[in-house]
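The structure appears below as structure tokens.
The values are calculated or read from the model by the stated rules, or taken from the named source; none is laboratory data. This is a predicted model, so every value here is computed, not measured. No Cβ is skipped: glycine too gets one built from the backbone with ideal geometry, and neighbour counts run over all protein chains shown. Heads up: the accessible areas ignore ligands, DNA and RNA and are worked out on the full protein's heavy atoms, side chains in. Shrake-Rupley method; radii C 1.70, N 1.55, O 1.52, S 1.80 Å.
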Amino acid sequence: MLASPEAARFVLVTHAHLFKPTYPKSKEMMIGPWALFFHQGEYHTRLRKLVQYSLAPDTIRKLIPDIEHIALSALDSWAASGQVINTFYEMKKFSFDVGILSIFGHLDGGYKEKLEENYRIVDKGYNSFPTKIPGSAHHKALQARKRLNQILSEIIRERKEKRLVEKDLLGHLLNFKDEKGETLTEDQIADNIIGILFAAQDTTASFITWILKFLHDDPKLLDAVKAEQKAIYESNNGGKERLTWAQTRKMTLTYRVLLEGLRMASIISFTFREAVVDVEYKGYLIPKGWKVMPLFRNIHHNPEFFSDPHDFNPSRFEVAPKPNTLMPFGNGVHACPGNELAKLEALILIHHLVTKF
């Protein structure tokens, strides 16, 4: 277990080739063995570039009107229901819809419902005891995962038949050719789509849920965030005009709230690696085959790097943190490529939530 910024950097960045990502076999099977985060080397590099390009700021800024539409529909449905809502559950629905948008663009409603229904079953069985007894959560999840492959296969077939050239992630995966002119197989495309949905959904939903809790617990901070967002709202003709990318870049206080929320909650609290050879680090031997865990939460809550680490204090980010002390999305070649999208989703939702409720 590694709890210093230098050690985390050693494993994840400077000597990443000495450590491979490692997950329980049952989880690999559930998401799909071709998913990006189970690999390293050439395949990983090529796939990561594709995913990064699809989730880069220049690409996601074009999604703002659609993310706004998803956020406003969610808020309207909560208001209309008149019921108490389960925040985390609602955030899961919101981040799932944004995930679908970034992967498929505008997807036919029937496909979306089928994907969601089966994805929920996989999600439920993901952390269950891996037994293939019929009726168990794990077995149900494996069956749902097969159905997801069939649904994705239909979507891909339809795209090919209509010769649609879309600029979304699926479009990039379908158009990809390596230097030998080889394309990705349907299994490779399906595993990566499921992998990205998995990576994008629960973590983003947890992150936004925590942010709302922290804002709720600090009325003064909430008022300050409201004032920042109200000014943008008023400049948009009382919310009649759409948010712009430039406006999301001006939400400086709200952005610091996000960073502090990511630090405090540390949704990804550690990551697993495995030493591929004997490695020596600062006089310690890490034998080949041993699991290595960089502990992000311990670094984020270390008073050496963040004074009074248990206080929620966004003003600490008025100054940039020391290098490698804030790693809410991991670090190095396996850092989360969707981190900008997650933050953009949160900013858009918070903007509409505090100005309308």
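A few points about this structure:
- Residue count for the stretch 294-306, restricted to those that are among the hydrophobic types (A, V, I, L, M, F, W, C), under 24 Å from Ala275 (Cα atoms) and either assigned to a helix (DSSP H, G or I) or free of Cβ contacts under 8 Å to residues at least 60 places away in the same chain (or both): 2
- The set of residues from the stretch 43-80 being hydroxyl-bearing (Ser, Thr, Tyr) and modelled with pLDDT of 90 or more comprises Ser73, Ser77.
- Residues in the stretch 226-243 that are closer than 18 Å to Ala71 by Cα, open to solvent by less than 60 Å² (accessible area, probe 1.4 Å) and either among the acidic types (Asp, Glu) or touching a residue at least 12 places away in the same chain (Cβ under 8 Å) (or both): Gln229, Ile232, Tyr233, Gly239, Leu243.
Table: residues versus (1) touching a strand residue (DSSP E or B) at 6+ places or on another chain (Cβ under 7 Å); (2) surrounded by 16 or more Cβ atoms within 10 Å (Cβ to Cβ); (3) over 14 Å from Gly261 (Cα atoms).
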site: Ser307; (1), (2), (3): no, no, yes
site: Phe317; (1), (2), (3): no, yes, no
site: Asn324; (1), (2), (3): no, yes, yes
site: Glu340; (1), (2), (3): no, yes, yes
site: Glu345; (1), (2), (3): no, yes, yes
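Results for (1) under 30 Å from Arg316 (Cβ atoms); (2) buried (at least 18 other Cβ atoms within 10 Å of the Cβ); (3) touching a Gly at 6+ places or on another chain (Cβ under 7 Å), shown as yes or no for each residue.
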| position | (1), (2), (3) |
| --- | --- |
| Pro134 | no, no, no |
| Leu173 | no, yes, no |
| Glu182 | no, no, no |
| Thr185 | no, no, no |
| Ala199 | yes, yes, yes |
| Phe207 | yes, yes, yes |
| Lys220 | yes, no, no |
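- Only residues that are open to solvent by less than 40 Å² (accessible area, probe 1.4 Å) and under 18 Å from Asn331 (Cβ atoms) were counted across the stretch 287-298, and they come to 5.
- All positions within the stretch 26-66 that are among the β-branched types (Val, Ile, Thr) and either open to solvent by less than 50 Å² (accessible area, probe 1.4 Å) or over 22 Å from Lys167 (Cα atoms) (or both): Ile31, Val51, Thr59, Ile60, Ile64
- Residue in the stretch 27-52 that is nearest to Lys177 (Cα to Cα), counting only those that are small (Gly, Ala, Ser) and touching a Phe, Trp or Tyr at 6+ places or on another chain (Cβ under 9 Å): Ala35
- Qualifying residue in the stretch 250-265 (condition: under 28 Å from Ile60 (Cβ atoms), at pLDDT below 95, open to solvent by 60 Å² or more (accessible area, probe 1.4 Å) and not in a loop (DSSP other than H, G, I, E, B)): no
- Out of Ile70, Ile85, sole residue that is part of a loop (DSSP other than H, G, I, E, B) and either acidic (Asp, Glu) or more than 19 Å from Leu174 (Cβ to Cβ) (or both): Ile85
- Any hit, the stretch 57-66, residues being closer than 26 Å to His106 by Cβ, part of a helix (DSSP H, G or I), hydroxyl-bearing (Ser, Thr, Tyr) and touching a His at 6+ places or on another chain (Cβ under 6 Å): no
- The condition (being among the small types (Gly, Ala, Ser) and touching a Leu at 6+ places or on another chain (Cβ under 6 Å)) is satisfied by just one residue among Gly99, Gly171: Gly99.
- Applying a threshold of 7 Å to beta carbon distances and a minimum spacing of six or more residues, or different chains, the list of pairs starting in the stretch 280-293 at a residue that is in contact (Cβ under 8 Å) with a residue 24 or more places away in the chain and closer than 11 Å to Met1 by Cβ and ending at one that is of a type in the set (Asp, Glu) and open to solvent by less than 100 Å² (accessible area, probe 1.4 Å) reads Lys291/Glu274; Val292/Glu274.
- Residue list for the stretch 67-115, restricted to those being of a type in the set (Asp, Glu) and buried (at least 16 other Cβ atoms within 10 Å of the Cβ): Glu68, Glu90, Asp97
- Contact map, the stretch 66-90: first residue in contact (Cβ under 8 Å) with a residue 40 or more places away in the chain, second residue open to solvent by less than 70 Å² (accessible area, probe 1.4 Å) and β-branched (Val, Ile, Thr), Cβ cut-off under 7 Å, separation 6 or more or different chains; pairs are Ile67/Val98; Ile67/Ile348; Glu68/Ile348; Ala71/Ile348; Thr87/Thr209; Phe88/Thr209.
- Scanning the stretch 270-292 for residues that are under 31 Å from the mean Cα position of the chain (by Cα), basic (Lys, Arg) and assigned to a loop (DSSP other than H, G, I, E, B) turns up just one, Lys288.
- Boolean, Lys140 is open to solvent by 50 Å² or more (accessible area, probe 1.4 Å), within 15 Å of Met30 (Cα to Cα) and not aromatic (Phe, Trp, Tyr): yes
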